[in-house]
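Below is one structure, written out as structure tokens; the observations come after it.
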Amino acid sequence: MINRKAIGYITANYSSKEHSALLESRPLASCPFMGRYRLIDFPLSNMMNAGIRTVGVVLPTNYRSIVDHLGSGREWELDRKKGGLFLLQGSAYGTAKTGIRFLLRDIIKNRTLFERAPEPYVVMSGTNIVFNIDLAHVIESHETSGAGITMIYRAADRALDDITRLEIGENGRVTSFASGCSYGDNKFLDCFVINRDLLLQIIDDYESIDYLDLFEAIRNDFGRIDVCSYEFKSLAVGMFNEETYYRRSMEMLNPDVMHALFTHERPIMTKAHDTPPAKYAPSSNTRNSFISAGCRIEGDVSGSILSRDVIVESGAYVSNSIIMQGCVIERGARVENAILDKNNTVPAQTELRGTPDHVLVVPKKDLARAK
């Protein structure tokens, strides 16, 4: 199925406001999630499942990991002669402009994508709020409403400082927005549908303030533009720093939470790897964990998430931790309440231990800089 009504636009060039060892060599969009996925897989899969076959991805300056992961877009059915995956030039956001996801400067810079598309709508999405949504239904709802923009939101289940709160009036129209939300507020999921003609008009009208986020630029024109809302009622997981990344990942070990994000009706696709299944030795003991393909488990793993090709040797112990691709936990080593980035080796009889409130984060191949 090909959706003839919309194209996609994903911003992957913004970062966290807080420094993180996990983001020293990769953008937020390519941060691993649940062992085998990257954050960008979720907006891409939402678009693929809706039949969207033209998608532009705005790249950061450290784009290598995203380009390597996306390739030609084959896994998301974007390796096409017409339409397909477009890797777009993006601005360097830095970390100071929190809350900006849709920088007007990037939209203006890549206006050719919108000018050449025959589809009447554009679905725009960020990458650090993970959810599985029927975008085809959202597009239909937007078309029926007659609005210029439809912003997707969900009732907040916790207080959040790094997210946008929507004020919604009669008939579901968005009247204003502000940073931060409390329990029960309408949290914007950094995803919306906009009329393509309206987007091109905004590009022309607001070119002089291209340093602003799209919504900051049009804030005073909400009444004229007619901004509608769409309520999403299922799971939406936001990751804004190391703490929220760790906590939201650990919550995925609850089967009910996991099944709310991963459904048979709308699969989440990722880069294919020719990797053998995980191997469990007779000495292994694994409980309530997510173990990816290619792992070799000889020791004890509890309440943890292991990416591909992780080795836990006999006598080693891993608990409440995220272990990324290619790590080796040698004999007798213990890792608790930690995030180990790619290709680290924990020497035999070594202990790496954080606490539930202060998770230990080890950057790529560099135990000396663990914090």
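Every number in this text was worked out from the coordinates using simple rules, so none of it is lab data. No experiment lies behind these values; they were computed from the predicted model shown. All Cβ positions, even for glycine, are placed from backbone atoms using ideal geometry, and neighbour counts span all protein chains on display.
Could you rank the peptides 168-179, 318-329 by their average count of other C-beta atoms within 10 Å per residue, with the highest value first?
On the way: 168-179: 14.3, 318-329: 24.2.
For the peptides 168-179, 318-329, the packing ranking is 318-329, 168-179.
Once you have the Cα-Cα distance between THR61 and ILE225, take 0.36 nm times their residue separation minus that, and quote the gain in nm to one decimal. Please list the in-between numbers first.
Working: separation 164, 0.36 × 164 = 59.04 nm, distance 3.31 nm.
So the chain would gain 55.7 nm between THR61 and ILE225.
With 0.36 nm allotted per residue and the present C-alpha distance subtracted, the GLU24-ASP357 stretch has 117.7 nm of extension available.
The separation of the range 147-170 from the range 32-90, counted between C-alpha centres, amounts to 25 Å.
Taking a ≥ b ≥ c as the square roots of the eigenvalues of the Cα gyration tensor of the range 1-42, is the shape rounded (a/c under 1.5), prolate (a/b larger than b/c) or oblate? Oblate, because a/c is 1.5 or more while a/b does not exceed b/c. Which of the three applies to the chain, rounded, prolate or oblate, going by the alpha-carbon gyration tensor with a ≥ b ≥ c and a/c under 1.5 meaning rounded? Prolate, because a/c is 1.5 or more and a/b exceeds b/c.
Please figure out what share of the DSSP beta bridges in the chain is antiparallel and state it in percent, rounded to the nearest 5.
On the way: 26 of 74 bridges.
Taking every DSSP beta bridge within the chain, about 35 percent pair in antiparallel fashion.
Other residues within the sphere of radius under 11 Å centred on the Cβ of CYS181, judged by their own Cβ, net out at -1 (K and R +1, D and E -1). Using only the Cα atoms of the range 60-171, build the gyration tensor, take square roots of its eigenvalues as a ≥ b ≥ c, and label the shape rounded, prolate or oblate: rounded if a/c is under 1.5, else prolate if a/b is larger than b/c, else oblate. It comes out oblate by the Cα gyration axes.
Summing +1 for each Lys or Arg and -1 for each Asp or Glu among the other residues whose beta-carbon sits under 9 angstrom from that of ILE311 gives -3.
The modelled label-to-label distance between MET1 and LEU200, using points 7 Å beyond Cα along the C-beta direction, is 2.8 nm. Label zone of ALA155 (point 7 Å out along Cα→Cβ, amide N under 11 Å): in the range 172-188 this covers 184-186.
Within 10 Å, count the other beta carbons around each residue, average over each peptide in 244-257, 146-159, and list them highest first.
Numbers: 244-257: 16.5, 146-159: 19.3.
Highest to lowest by the protection proxy: 146-159, 244-257.
Here LYS364 is the anchor, and the lysines within straight C-alpha reach of less than 28 Å, apart from those fewer than 8 places off in the same chain, are LYS17, LYS97, LYS271, LYS279, LYS342. Could you work out which residue, out of ARG353, ARG116, ARG26, moves most in a Gaussian network model of the chain, that is, has the largest mean-square fluctuation with Cα springs under 10 Å? Result: ARG116 has the largest fluctuation of those listed.
What does the charge add up to near ARG80, with Lys and Arg as +1, Asp and Glu as -1, over the other residues with Cβ less than 15 Å from its Cβ? Please list the in-between numbers first.
On the way: positive: ARG4, ARG53, ARG74, LYS81, LYS82, ARG116; negative: GLU75, GLU77, ASP79, GLU119.
Counting the neighbours of ARG80, the net charge comes to +2.
Given R0 = 35 Å, the distance between the Cβ atoms of GLN349 and ASP79 translates into a calculated FRET efficiency of 0.15. Label reach from THR263 (point 7 Å along Cα→C-beta): in the range 30-58, amide nitrogens under 14 Å belong to 46-47, 49-50. A simple spin-label model places pseudo-atoms 7 Å from Cα toward Cβ; at GLU207 and ARG331 they are separated by 7.0 nm.
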